[in-house]
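The values are calculated or read from the model by the stated rules, or taken from the named source; none is laboratory data. The shown structure was predicted, so the numbers you read here are calculated from the model rather than taken from an experiment. Cβ: placed from backbone, ideal geometry, glycine included. Neighbour counts: every protein chain shown.
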Amino acid sequence: MTSSVAPQHVVTRFAPSPTGRLHVGHAWSALLAHDMARAAGGTFRLRIEDIDGTRSRAEHVAGIIEDLTWLGIGWDGEVVFQSRRLESYDAALERLRDMGLLYPCFCTRADIAASMSAPHGPEGPVYPATCRGLSAEERTRRIGAGEAHAWRIDMQEAVVQAGTVTWQAMSFSPLSCPQMEAQVLHKAAPLAHGDVVLARKDAPASYHLSCTLDDAAMGISHVLRGDDLLGATDVHRLLQALLALPSPAYIHHPLLVDADGRRLAKRSGSIALADLRAQGMDAAALVADLRGGRFPVGIGPASA
Ligand code: GLU
């Protein structure tokens, strides 16, 4: 089903996790979101996804700011740090708990890996819902004993409560303004993900929860991000429905890959923006190339 797009104030964002230096793929993603907002006279925001205390580093936050500044990609308003928004994540968890949708999960990674029958979903093995069946008494006892636990959503119940939900996908075209493109309504398929974690053992929220809440709080109208997160959109759309949040339109762009078809990784120093800068690369030329769909030698968008 396609529909035309009503004019609206376009708000896009770039939301990196400060777990390493940015690479050319990040620059392209940030530029696409930035240019989409600028072309529409809209707003471009920067959000630092730093709730993962074990992997996030202040030096990488500084690196992100430095790299974007070098590229000339300016953002509007204050930088949003997820680590400063924990209260809103707590409030949403409380609400979902009150709706009877969350349960504590005491499983370790090893427990889950040992479950050989675990089916695979869009993002890897699906949690076999071991802890879903624990009695209320056992949950209370184990939490009371201080046993580490995550909070998972009971996806079957969540889908019942949310009903059928759809999300708006806009086709990606790097060389034209995405809001001019037709939109397609996708039926969300969150069940395939199983009972995903919404609050981690080692972090106060999961990516799915914090990202969904922040996109709503920041008034994001169009989420432009890599198609590695295509599946996550089903979960985000479900959470929006459960929490009565607005749903942005989604545009997923292909990931940049190297000559062997491997995803660019932050650890690949050769394509880190900081290294390109150190090698004397001209930022304006790089940005002009990316805008023109020209990538550094050996790098290009993954074919669909
Ligand atoms: N923080 C995520 C990442 O660095 C991106 C999240 C998003 O754009 O939704 O991969």
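One table, with the values for the structure above:
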item	result
Every residue from segment 81-112 that is over 14 Å from residue 151 (Cα atoms) and in contact (Cβ under 8 Å) with a residue 12 or more places away in the chain	81, 82, 83, 85, 86, 88, 111, 112
Residues (out of contact with any Phe, Trp or Tyr (no Cβ under 9 Å at 6 or more places or on another chain) and within 13 Å of the ligand (Cβ to nearest atom)) located in segment 46-62	55, 56, 60
Some residue of segment 260-273 being over 18 Å from residue 80 (Cβ atoms), away from the ligand (no atom under 16 Å from the Cβ), polar (S, T, N, Q) and part of a helix (DSSP H, G or I)	yes
Filter result for residue 33 (of a type outside the set (Val, Ile, Thr) and free of Cβ contacts under 8 Å to residues at least 24 places away in the same chain)	no
Filtered residues of segment 15-45 (kept if more than 17 Å from residue 250 (Cβ to Cβ), among the hydroxyl-bearing types (Ser, Thr, Tyr) and within 13 Å of the ligand (Cβ to nearest atom))	17, 19
Complete set of residues in segment 120-166 that are in contact (Cβ under 8 Å) with a residue 60 or more places away in the chain and either among the hydroxyl-bearing types (Ser, Thr, Tyr) or out of contact with any helix residue (DSSP H, G or I) (no Cβ under 8 Å at 6 or more places or on another chain) (or both)	127, 129, 132, 166
Condition met for residue 214 (acidic (Asp, Glu) and either closer than 22 Å to residue 11 by Cβ or more than 15 Å from the chain's Cα centre (by Cα) (or both))	yes
Leading residue by the ranking (farthest from the ligand (Cβ to nearest atom)) among those in segment 208-249 that are under 17 Å from residue 16 (Cβ atoms) and assigned to a loop (DSSP other than H, G, I, E, B)	218
Residue pairs meeting the criteria (Cβ under 7 Å; at least 6 apart or on separate chains; first at negative phi, in segment 8-20; second part of a loop (DSSP other than H, G, I, E, B) and among the polar types (S, T, N, Q))	8/221; 9/221; 10/221; 11/221; 17/56; 18/56; 19/56
Residue in segment 36-89 that is surrounded by the fewest Cβ atoms within 10 Å (Cβ to Cβ), counting only those that are assigned to a loop (DSSP other than H, G, I, E, B), among the acidic types (Asp, Glu) and in contact with a helix residue (DSSP H, G or I) (Cβ under 6 Å, 6 or more places away or on another chain)	49
Leading residue by the ranking (nearest to the ligand (Cβ to nearest atom)) among those in segment 1-14 that are of a type outside the set (A, V, I, L, M, F, W, C) and modelled with pLDDT of 95 or more	13
